[in-house]
Structure formats: C-alpha cells, structure tokens
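The values are calculated or read from the model by the stated rules, or taken from the named source; none is laboratory data. In this text, all values refer to a predicted model and were calculated from it rather than measured experimentally. Cβ: placed from backbone, ideal geometry, glycine included. Neighbour counts: every protein chain shown.
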Amino acid sequence: MNLEGASVKTIDASSRVALRDDQVDEFDGVVILTQGFDGQLLVFSKDQWEDFREELSGGSQMDPDLDDLRRLFIAPATKVELDDRGRMKVPAHLREWADLRPGESRVILLNLGPRHELWLQSKYDTYLKERAADLKRIARKRFGAGDEEDEVEA
C-alpha cells in the first residue's frame, strides 16, 4: 500500500515519531533515515533505499559531484527498527540536521511515493511559503498550462 498524504505528529521525549498503521505496514518494521537537501529527513523502506542507493553508487568513484551526494545521503543514513507501537526513533545526528527537539517539535511526515520526508512543521511551512512562486511556475511548465506572457489577447 502506498498512500500519499501527510500526518502531523509530535516527536516524543524519547525522540520517537509514531507512524500511521498503513505506514507501519508499508515499512515492514524498518526504515532508513537520512538527510535531505532542505534540512528535512528522507525516510525510505528497505526496497526504496536499495533503489536510491544503487542510483548513487553508479558512476565514477572519482566524480566529485557524486561524492558530494554520497556524503549527503549515504554517509549519514541509519537503519531504524520500528518499535512494537510503530514508532521510529530519530538518531541524534539526524535530529540535529532537521532541528528536531524531543518532546517539543511538531513534525510532518509526507508520503511522496518513492520516499517519505520528515520535516519540522514550521520549517516545512516556511519552505512552502518561500517556494510558492517557484512551485506555481514549475506546475505550469510541468502540466502544460503555459506562460501567461506567451498568451496573446484576441
């Protein structure tokens, strides 16, 4: 089951985030957590992680751009087993990356299809506001709505 959507939670005092039942089933008891580009965490199932890791493992071992991506994604990646209540414990180095404070932070878990993302909710809200114009432009380009500048008045 790969339901899209988002859920808002609080990271508890023990650095755990509770998952929905459908997410627990999808992850089959294990997640791989790593850093994302924008200060969020990427959350993968084992199969999703293997596909992603394989993409990063290709190419030259001497390619500095690929090395940068491997440092960002592969080096900090951590396998986390879900507890019997469907919670994942976020390791300290990844909590620091995402500015998560145990017992205080509200987080949002997004299902993007090929992976999930875990954001500090306030950081995600800021990201969306700052990117609003770019996101509209990307959507117009991607879905063929065209540029308003290119339209000719009749």
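Structure values in brief
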read-out: Those residues of the stretch 24-38 which are over 13 Å from Pro91 (Cα atoms) and assigned to a strand (DSSP E or B), in sequence order; value: Val30
read-out: Candidate set from the stretch 126-154 (those that are of a type in the set (D, E, K, R) and outside any helix (DSSP H, G or I)); member that is modelled with the lowest pLDDT; value: Glu153
read-out: Some residue of the stretch 104-120 being more than 17 Å from Arg20 (Cα to Cα), aliphatic (A, V, I, L, M), in contact with a Lys or Arg (Cβ under 8 Å, 6 or more places away or on another chain) and modelled with pLDDT of 95 or more; value: yes
read-out: Filter result (modelled with pLDDT under 95, buried (at least 16 other Cβ atoms within 10 Å of the Cβ) and either in contact with a strand residue (DSSP E or B) (Cβ under 7 Å, 6 or more places away or on another chain) or within 14 Å of Leu110 (Cβ to Cβ) (or both)) within the stretch 20-63; value: Gln23, Glu26
